[in-house]
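Comments concern the structure below.
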Amino acid sequence: MDAWGIVSWLLLSVVGAAVLAFLLFCCYVHYIHRKYDHIPGPPRDSFFFGHLRLFMEIMKRNELIYDLLVEWVEKYGPVMRLYFLYTPVIMITSPEAIKEILMSPKYTKDKFYNRIFSMFGVRFFGNGLVTDRNYDHWHKQRRIMDPAFSRTYLMNIMGSFNEKAEELMEVLAEKADGRREVRMHEMMSRTTLDVIAKVAFGMELNALHDDSTPFPQAISMIMKGTIEMRNPFVQYMPGKQAFVKQVQESARFLRRTGEECIARRQRAIKNEEELPLDVLTQILKGAELEGDYDAENMVDNFTTFFIAGHETTANQLSFLVLELTRHPDVLKKLQAEIDEVIGSKRDVDHSDLAKLQYLNQALKEILRMYAPAPGTSRWLENETVIEGVRIPAHTAAMFNSYVMGRMEQYFKDPNTFDPDRFHPDAPKPYFSYFPFSLGPRSCIGQVFSQMEAKVVMVKLLQRFEFRLVPGQSFKIVDTGTLRPLDGVLCTLTPRKTRKEME
């Protein structure tokens, strides 16, 4: 055989192998479809891509995928099949199944969390509390960190909550002339970033005053990266290389910051210096008592707390401001409660928080309507039957608090903002409300978050009236967490004191 014959034979072999591989892959996808086609769900848009293209189109239009899922759940029932590429995910809205699966430690987080271990190849969330799929390893981390989020510790940081919230009030007071437009989401985000930096890690970022600080931009890039990563091909798409590089650099920057912060604190401990009573000190002490310390894992949790510890609270506060602009009756009731409990006091005491019952109800209602971190997922290792539907073994199950919060069967008039749903005498939602997840893997920072939210809202409602700038939508955008699309652009005026009104 001459050289050309050999080349031709090699080409035919390669082409033949490629065709065979493609046919085998098609057979595999067909097998997966047949394996799950008995489960109710919307028709696939594509043999290979499942519902992914439809989801990508919705995101491009700045619409919310979860609103479509609400419609689908109403049509297909409490156990619904979806496809991300050719991979099936089962969405479950059965309260009994949620109770069984989320409350039990035997169901690990699903393989999706492996994908956010890194950001385009750069380690980011790693094996932190959110992403760790190994229950024993996760439980050890949680045991180390629990003391930092105990009631006793949180009572001691009320001063920092008040201090940072007061700084926000001072900035808003300069803009409260009834004409200047204030983007409330940005203000809330910068404030909660300053809070988490100081209270958790002893850092003074000054993000509220310093427009040149790189942290808000880095976090914004990270959040965009988490969304873009839903498309597994994004880093190979033309024109995306610069974006991917920015996300990678943002991840490196935040991890570098974490490494430096942890190293400084370790040196202070070694030199027996006076230590701040913050989350980092508590964690390092806990790790020392455990006798085992993983430096990379500590940085994983730094980045996890840094992102999750400010983004979700800022979104919740922004959505509450948004709803109060169109519910003046709720606003007046909140102001009356704050006048009664706080009066003209500058600082909010820990003992005040439990007395702010209506504010607590309003914050819970916002989490029902706009759960900032809307969902979680678990891995079903064994075959499971839910609501009479057989789910094959080795399947990802998805649970979505936003979707369940918008379902009429669980919440009457679900699109109406009504804090009285969470009145102490009202019926309690039965495993259909889980904005911080449920069970052993529930959010460690939920009490921290709601304490911070109450302090900020008390001061805001105590001192200002605000109006929404006309022309904004009430749309929600998914940036990895749910936030108001238009940023809640408001004008503010000083609120008259009770004495002035009299």
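With both labels modelled 7 Å from their Cα along Cα-to-Cβ, the Arg183 to Thr493 distance reads 2.6 nm.
Relative to the Cα centre, the charge distribution of the chain, modelled as +1 at Lys and Arg Cβ and -1 at Asp and Glu Cβ, gives a dipole magnitude of about 740 debye. Taking amide H as placed 1.01 Å from N in the peptide plane, the amide H of Gly41 sits under 5 Å from that of Arg81, each at least 5 places away or on another chain. Computed from the Cβ-Cβ distance with R0 of 25 Å, the FRET efficiency linking Glu249 to Ala295 stands at 0.70. Summary value for the range 1-111: 23 percent relative contact order, contacts being C-alpha pairs under 8 angstrom separated by 6+ residues. Taking 0.36 nm per residue of separation and subtracting the current Cα-Cα distance, fully stretching the chain between Ser351 and Val477 would add 41.8 nm. Along the range 58-74 the Karplus relation, 6.51 cos²θ - 1.76 cosθ + 1.60 evaluated at θ = phi - 60°, assigns HN-Hα couplings of 4, 5, 4, 8, 6, 9, 9, 4, 5, 5, 5, 5, 4, 4, 5, 4, 4 Hz to successive residues, with x for each Gly and Pro.
Taking amide hydrogens as placed 1.01 Å from N in the peptide plane, the amide H of Glu465 sits under 5 Å from those of Thr493, Arg495, each at least 5 positions away in sequence or on another chain.
For the chain, give me the percentage of DSSP beta bridges that are antiparallel, rounded to the nearest 5 percent.
90
Each other residue within a Cβ distance under 10 Å of Glu163 adds +1 if Lys or Arg and -1 if Asp or Glu, for a net charge of -2. In order along the range 39-52, the phi-based Karplus estimate (6.51 cos²θ - 1.76 cosθ + 1.60, θ = phi - 60°) of 3J(HN,Hα) comes to 8, x, x, x, x, 5, 7, 8, 4, 8, 9, x, 9, 4 Hz; Gly and Pro are listed as x. Segment Ala268..Asn134, full-extension length gain: 45.1 nm, with 0.36 nm per residue of separation and the alpha-carbon distance subtracted. Placing a label point 7 Å from the Cα of Ser46 along the Cα-to-Cβ line, the residues of the range 87-112 whose backbone N sits under 13 Å from it are 87.
Placing dummy labels 7 Å off each Cα toward the beta-carbon, the span from Glu259 to Phe25 is 3.6 nm.
For Leu275 and Glu166, a Förster radius of 25 Å and the Cβ-Cβ distance give a FRET efficiency of 0.55, rounded to the nearest 0.05. Averaging the sequence gap over all C-alpha pairs within less than 8 Å and six or more residues apart, then dividing by the number of residues, gives the range 186-333 a relative contact order of 34 percent. Taking amide H as placed 1.01 Å from N in the peptide plane, the amide H of Val477 sits under 5 Å from that of Arg483, Leu485, each at least 5 places away or on another chain.
Determine the sum of side-chain charges near Pro372: Lys and Arg each +1, Asp and Glu each -1, restricted to other residues whose C-beta is under 11 angstrom from that of Pro372. That works out to -1. When both the range 431-487 and the range 216-288 are represented by their alpha-carbon centers, they are found 23 Å apart.
Applying the Karplus relation 6.51 cos²θ - 1.76 cosθ + 1.60 with θ = phi - 60° to the range 322-337 yields 3J(HN,Hα) values of 4, 5, 5, 5, 10, 9, x, 5, 5, 4, 4, 5, 5, 4, 5, 5 Hz, where x marks Gly and Pro. Summing +1 for each Lys or Arg and -1 for each Asp or Glu among the other residues whose beta-carbon sits under 9 angstrom from that of Arg133 gives 0.
Computed from the coordinates by the stated procedures, all read-outs in this text should not be read as laboratory data. Everything numeric in this text was worked out from a predicted model, so none of it was measured. Here Cβ is always computed from backbone atoms with ideal geometry, including for glycine, and neighbour counts include all displayed protein chains.
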